[in-house]
Amino acid sequence: MTDRPHAGRCPPAARSPASIRSTFYFRRNTPCARNGGTGSATIRAVNRPTPVDPLPRTHYENFPVASWLCPPRLRPAIAAIYWFARTADDLADEGDAPAQQRLDDLAVYGADLAAVTGCGASSPRWPEVFGPLCAAQRDFDLPVPLLANVLSAFEQDVTRTRDRAGYEDRDELLDYCRRSANPVGRLLLHLYGVNDAQALARSDCICTALQLINFWQDLGLDIARGRFYLPRQDCAVHGVTQDDLLALRSTAKTTKLIASQVEWARATMLNGSALVHQVPGRAGWELRLVVQGGLRILDRIEAMGFNTLSARPRLTAWDAPLLLWRAIWM
């Protein structure tokens, strides 16, 4: 399976300004998570990954990661992919390191990826990441370009945050999602042996939607940190300036702007939702919960009047029965 540059583009209706996160999903990438987030199956994981306990303590995820619904033989590989992306995300996003140090660390991280996937030796900095990833690569022949794409997106996040640069239009933002989120879904489909073009396109839509949902869920947090994901063209259509966003105050104009982004994310998710019928076994049921969890976050954003500039919606255990009911009827 290879990565296709335009596979993340969904039908025009899903991307039009007038129209309107199984995969696991990381905050910058996966999709698909920010500390303190909760979700359809909140997971608190362990501090350092090991072959039997691979997920990071202190991180909470919006969506299930290597849960009991995954076949046991795939859980180490799924956890290895997760920890690879989670660690890279932390290098790009956590703490107070200057941008150049983050970029330098990501460059070393990328060199380690190239080394272990090319039968070489990695540096001693991240053995808990590249040991399991090397095993997953050996056992499942993971498509390395997809892993490299994730690092490319993290590097872009660092530079755009440093420069306080945003995205001109939806196509630019979709290109970011193509590298940050879509590779995760394709890697998991690769593990499950699902590789037809229709399934890949649907996976791209789901992962892109999950990334967009997280953007609109975290608007206030991201803007305060110098991250601007609302496309400038969409802002202009609704008469919203960067100063308006920096004020982190809901107005009639920002409400309409965010509502349009929520509509876009919802349509994109629905465009890919039929993938749940193509993923075999228990994984297909987990994917149903991921899709419904993303859609439920959009419901929450709408219910709060699209005011994610000053508040962050989240899912709780009380959402579980509704998610299960909706998952059954997909």
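For the stretch 171-220, how many residues meet the condition of being open to solvent by less than 10 Å² (accessible area, probe 1.4 Å) and among the charged types (D, E, K, R)?
Residues that pass the stated criteria total 3.
Look at Ala153 and say whether it is part of a helix (DSSP H, G or I), over 24 Å from Arg178 (Cβ atoms) and open to solvent by less than 50 Å² (accessible area, probe 1.4 Å).
Values: part of a helix (DSSP H, G or I): yes; over 24 Å from Arg178 (Cβ atoms): no; open to solvent by less than 50 Å² (accessible area, probe 1.4 Å): yes.
When the stated conditions are applied, Ala153 does not pass them.
Restricting attention to the stretch 283-295, does a residue exist that is modelled with pLDDT of 95 or more, of a type outside the set (Asp, Glu) and surrounded by fewer than 20 Cβ atoms within 10 Å (Cβ to Cβ)?
Yes: one or more hits.
Let's see how each residue does on (1) modelled with pLDDT under 85; (2) over 19 Å from the mean Cα position of the chain (by Cα); (3) aliphatic (A, V, I, L, M):
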| site | (1), (2), (3) |
| --- | --- |
| Glu61 | yes, no, no |
| Pro72 | no, yes, no |
| Asp90 | no, no, no |
| Pro98 | no, yes, no |
| Ala107 | no, yes, yes |
| Cys119 | yes, yes, no |
| Pro132 | no, yes, no |
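Please verify whether the stretch 153-173 includes one or more residues that are among the hydroxyl-bearing types (Ser, Thr, Tyr) and farther than 20 Å from Arg225 by Cβ. Reasoning before the result, please.
Narrowing the stretch 153-173 to residues among the hydroxyl-bearing types (Ser, Thr, Tyr): 159, 161, 167.
Add one more test, that the residue is farther than 20 Å from Arg225 by Cβ, and what stays is none.
No.
Looking only at the stretch 138-152, which residues are over 18 Å from the mean Cα position of the chain (by Cα) and under 10 Å from Phe84 (Cβ atoms)?
Residue satisfying the conditions is Leu142 alone.
Need the failing condition index for Ala274 against (1) of a type in the set (A, V, I, L, M, F, W, C); (2) open to solvent by 10 Å² or more (accessible area, probe 1.4 Å); (3) closer than 18 Å to Glu172 by Cα, just the number.
For Ala274, the failing item is (3).
Output the number of residues of the stretch 160-209 satisfying the condition of being among the hydroxyl-bearing types (Ser, Thr, Tyr) and at pLDDT 95 or above.
To start, the set of residues in the stretch 160-209 that are among the hydroxyl-bearing types (Ser, Thr, Tyr) comprises 161, 167, 176, 180, 192, 203, 208.
Next, only the ones that are at pLDDT 95 or above stay: 167, 176, 203, 208.
So the count comes out to 4.
The values are calculated or read from the model by the stated rules, or taken from the named source; none is laboratory data. Note that the structure is predicted; figures quoted are calculated from it, not measured. Methodologically, a virtual Cβ is constructed for each residue, glycine included, from the backbone with ideal geometry; neighbour enumeration extends over all protein chains shown. With ligands, DNA and RNA removed, areas are computed over all heavy atoms of the protein, side chains included. Shrake-Rupley method; radii C 1.70, N 1.55, O 1.52, S 1.80 Å.
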